[in-house]
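Rule-based calculations on the coordinates, nothing more; no lab input. From a predicted model like this one, the values you see are computed outputs, not experimental measurements. Cβ coordinates were reconstructed from backbone atoms using ideal geometry, including for glycine residues, and neighbour counts include every protein chain displayed.
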Amino acid sequence: MELLFLGTGAGMPAKLRNVTSIALKHLHDGSVWLFDCGEATQHQILHTSIRPRKINKIFITHLHGDHIFGLPGLLGSRSFLGGEEDTLDIYGPKGLRDFITTSLSVSQTHVKYELNIHEIEEGLIFEDDRFTVEAKKLDHGILSFGYRIVEKDKPGTLMVDKLKELGIPPGPIYKQLKLGETVTLEDGRVINGKDFVGPDKKGRIITILGDTRPCENSIKLAKDADLLVHEATFNKDAAEQANDYFHSTTLQAATIAKEAGVKQLIITHISSRFEKKDWPILEREAQEQFPNTIIATDFKTVPVKANE
């Protein structure tokens, strides 16, 4: 998996930072999950290898314009590109359905694929055989969610060398043993697959938060995450201003990362008041509290490495 930052600015587009959108790319099958869809997100996508038809899930953190104004255009373009069989599920706060259906209706935009809109509450909002996604409310001026994406643990590695030492050659039996099944060999020996499979490989955890002031739910969502994406609209000396606008500072984002015990922090949603020369300063402010921090920039790709 890898994260591709399509937009990393706050409030309104700027020359060097578009408004918020993050793509989670699933490299095993090429599918893409989008988190927020600010204005001109589809223009940003044009500069990447992402194909809109491969976006099969969109998670909206909250309904401020800089996080949703790109949705109608993307939904329409995705339909023009064909792929009527490619279902799209969109998750987000109450009001999301009205925004989407009204935008499409008034503009007479007709999507040809199956579009499912899920207005969510706190809790588990999605699960399949590979992932779960949990949502919790954050502390913002309007209802804003954070998302915790958990990859399910994978079975450990089959101890092939150990099997060969016992004279058990490769074949269909290896698949049965990999699944932990008990197998009786032709010579009468009974082999328990669990004895030949290493410990499960722990799945990765990614936490992507919407706009928020520091809050307990941010820590809960980020607990032991491999990667935390946290807004840092303001610099560390502007805590009072950040509080007034329901946002966070660089230092506050880093403090959340430290308290949650995450492995890596990425700060984003950077105010346009900060010029490019200021970005390293913002990054260092967070690194003073949480060293493994990087600042997101538009089109930055961050791999989410598999656990050993």
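Some notes on this structure:
- Helix 279-289 and the longest principal axis of the C-alpha atoms of the chain enclose an angle of approximately 60°.
- FRET efficiency, 1/(1 + (r/R0)^6) with R0 22 Å, evaluated for residue 237 and residue 258 via beta carbons: 0.70
- Rounded to the nearest 20 debye, the dipole magnitude of the range 35-162 is 260 debye, with +1 charges on Lys and Arg beta carbons, -1 on Asp and Glu beta carbons, and the Cα centre as origin.
- Nearest-0.05 FRET efficiency for residue 159 and residue 87, computed from C-beta distance (R0 35 Å): 0.30
- Magnitude of the charge dipole for the chain, about its Cα centre and with charges confined to Cβ atoms of Lys, Arg (+1) and Asp, Glu (-1), is about 580 debye.
- According to the calculation over all Cα-Cα pairs in the chain, the P(r) per 20 Å bin from zero is 31, 48, 18, 2 %.
- Positive-pole candidate from 172, 92, 221, dipole of the chain, charges at beta carbon: 172
- Think of the chain as a dipole: +1 on every Lys or Arg Cβ, -1 on every Asp or Glu Cβ, centred on the Cα centre; then among 107, 72, 292, 292 lies furthest on the positive end.
- Residue pairs, from the table 54/305; 54/175; 154/175; 57/112; 162/305, whose Cα atoms sit over 20 Å apart: 54/305; 54/175; 162/305
- Candidate lysines for bridging to residue 136, where Cα separation is under 16 Å - those fewer than 8 sequence places away on the same chain excluded: 94, 220, 223
- Listed peptides 97-105, 29-37 by packing density, highest first (mean Cβ within 10 Å): 29-37, 97-105
- For residue 201, the residues whose modelled amide H falls within less than 5 Å of its own, excluding neighbours fewer than 5 places apart on the same chain, are 154, 156.
- Each residue of the range 245-254 was assigned a 3J(HN,Hα) from its phi angle through the Karplus curve 6.51 cos²θ - 1.76 cosθ + 1.60 (θ = phi - 60°); the sequence is 9, 6, 10, 10, 9, 4, 5, 5, 4, 5 Hz, with glycine and proline shown as x.
- The packing ranking, built from the mean of other Cβ atoms within 10 Å per residue, places the peptides 158-169, 288-299, 256-267, 126-137 in the order 256-267, 288-299, 126-137, 158-169, highest first.
- Candidate lysines - alpha carbon under 21 Å from residue 236, same-chain residues fewer than 8 apart omitted: 258, 276, 277
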